[in-house]
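Here is the structure we will look at, set down as structure tokens.
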Amino acid sequence: MGLHFIKFYAPWCSHCRKLAPTWKELAEFHKDNMDITIAKIDCTTEGKTCAEHKIQGFPSLKLFKDGREVDIYEGPRSLDDLKNYLTLKISEHSLLSSATTDNSESAEEVPSDDDPDMETQIKPFQLTDSTFDAMISVGTTFVKFYAPWCRHCQELAPIWDQLANKCADSSSGPRIAKVDCTEEEELCQSFGISAYPTLILFSRGVQKQEYKGPRDLNSLYNFAVQHHDEL
């Protein structure tokens, strides 16, 4: 159970040998971290396992959650890059776990009487000043800046929940998130938020575009996916 970051390798592979000391440092760094396990599989001795996971090149770095593959890491392989990647994924995992187990109601989270399973579905990531940078640093994140007392925000809330579910079909994003500006005033001020809700798409840590179109589910989804696919 939990998160497992696995290196599939072959001892004869020069790239694998180059990565080996970095992977060892990464494992040492996270040895006491209960949120992630760093492991490796030798495909010359575990050929069946590697075939099951469709390993076609070495090294292949894959992230598993509760035994299921959820991501393939294809970025730079320095120790800092790998650490930053795992920081993001651990943060996502923690936020997702809290979102799916938190059944508390607020003005922002309006359950639908037509959907009895709403509480068990994926919710948008609730971001704070301490988690925001890690979340937006990789891939695409569509963020709603809102205030719980705002009527337009309350109307958008169930649609934003549906958007999070629709985008969750892809493990690589786009991710759907939200920031409560009554709780995170400085964070919202840093992006010049002056009206609610404000919807901004971030790409790899950079503010890319503010969305000002229709707020129905299909329009929001098409916008997020279109800009995600352009990366």
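Within region 1-25, the set of residues being touching a residue at least 60 places away in the same chain (Cβ under 8 Å) and outside any loop (DSSP other than H, G, I, E, B) comprises LEU3, HIS4, PHE5, THR22.
Of all residues in region 32-56, those satisfying the criterion of being touching a strand residue (DSSP E or B) at 6+ places or on another chain (Cβ under 7 Å), outside any loop (DSSP other than H, G, I, E, B) and either without any contact (Cβ under 8 Å) to a residue 40 or more places away in the chain or under 23 Å from ARG17 (Cβ atoms) (or both) are THR37, ILE38, ALA39, LYS40, ILE41, ASP42, THR49, CYS50.
If I ask for residues that are open to solvent by less than 60 Å² (accessible area, probe 1.4 Å) and either without any contact (Cβ under 8 Å) to a residue 12 or more places away in the chain or among the hydrophobic types (A, V, I, L, M, F, W, C) (or both), which ones from region 210-228 would you list? Selection gives GLY213, LEU217, SER219, LEU220, PHE223, ALA224, VAL225. Each residue in region 130-171 was checked for being modelled with pLDDT under 80 and either of a type in the set (A, V, I, L, M) or within 12 Å of PRO197 (Cβ to Cβ) (or both), and 4 of them qualify. Hey, among GLU105, GLU69, GLU119, which residue is of a type outside the set (Val, Ile, Thr), open to solvent by 60 Å² or more (accessible area, probe 1.4 Å), modelled with pLDDT under 50 and not in a loop (DSSP other than H, G, I, E, B)? Within the list GLU105, GLU69, GLU119, the selection yields GLU119. Among the residues making up region 57-68, a single one is charged (D, E, K, R) and closer than 24 Å to LYS18 by Cβ: LYS62. Reported count of residues in region 42-73, each being β-branched (Val, Ile, Thr) and farther than 21 Å from ASN84 by Cα, is 4. For region 1-10, give me each residue that is modelled with pLDDT of 85 or more and open to solvent by 30 Å² or more (accessible area, probe 1.4 Å). Answer for region 1-10, where residues must be modelled with pLDDT of 85 or more and open to solvent by 30 Å² or more (accessible area, probe 1.4 Å): HIS4, TYR9.
Filtering region 182-199 for residues that are of a type in the set (Phe, Trp, Tyr) and within 22 Å of ILE122 (Cα to Cα) leaves an empty set. When the strands (runs of 3 or more DSSP E) confined to region 127-209 are screened for residues that are surrounded by 20 or more Cβ atoms within 10 Å (Cβ to Cβ), out of contact with any Gly (no Cβ under 7 Å at 6 or more places or on another chain) and at positive phi, none reaches at least 1 such residues.
The values are calculated or read from the model by the stated rules, or taken from the named source; none is laboratory data. Keep in mind it's a predicted model, so treat the numbers as computed, not measured. Because the Cβ atoms are built from the backbone with ideal geometry, glycine has one as well, and the counts that use them run over all protein chains shown. Heads up: the accessible areas ignore ligands, DNA and RNA and are worked out on the full protein's heavy atoms, side chains in. Shrake-Rupley method; radii C 1.70, N 1.55, O 1.52, S 1.80 Å.
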